[in-house]
Amino acid sequence: MAQKTDAQLKTDNNVIRNETVKKANTKTRVADTLDHYADSKVNRATIATTGTVVQFDVERTYGAVSPETGNITVDTDGACLGMVQLMRHNHPSTEPTFSSPFKRVSGEYVPGVLNYIYMEYISTAEILVSIMQQQ
């Protein structure tokens, strides 16, 4: 087997070094991605919020302390696609009205009992609504 020249050895070392750096960078990117995913899934708290103007900028639970009773509208400033908000709502005699972008996809409102209203932001013109009660 022939001896390699200094130039060939430098080239081989550079190739090995470049492959090592690529692998390290890939591992770092994977680790960063996993950390970001974990951060997005762990230690996220919803904000207890009052009122019936629903925002989709951060996770909120409306009526967390005591159920809301009024009509439901929306503020789409800073809204995030796919954001889901929960509202605890209990009007003693009538169903609340929803402003135009809300589209009911499931459930019926029952006056006089605690209703759980889930709202998912799709666009300024479309917010999906599901309503349920404790069984």
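How about region 82-123: which strands (runs of 3 or more DSSP E) wholly inside it have at least 1 residues that are polar (S, T, N, Q), at pLDDT 95 or above and under 16 Å from the mean Cα position of the chain (by Cα)?
84-89, 115-123
Against the condition in a strand (DSSP E or B) and either touching a residue at least 40 places away in the same chain (Cβ under 8 Å) or of a type in the set (Lys, Arg) (or both), how does residue 127 come out, does it pass?
When the stated conditions are applied, residue 127 passes them.
The values are calculated or read from the model by the stated rules, or taken from the named source; none is laboratory data. Predicted, not measured: the structure shown is a model, and the values here were computed from it. We place every Cβ from the backbone using ideal geometry, glycine too, and count neighbours over all the protein chains shown.
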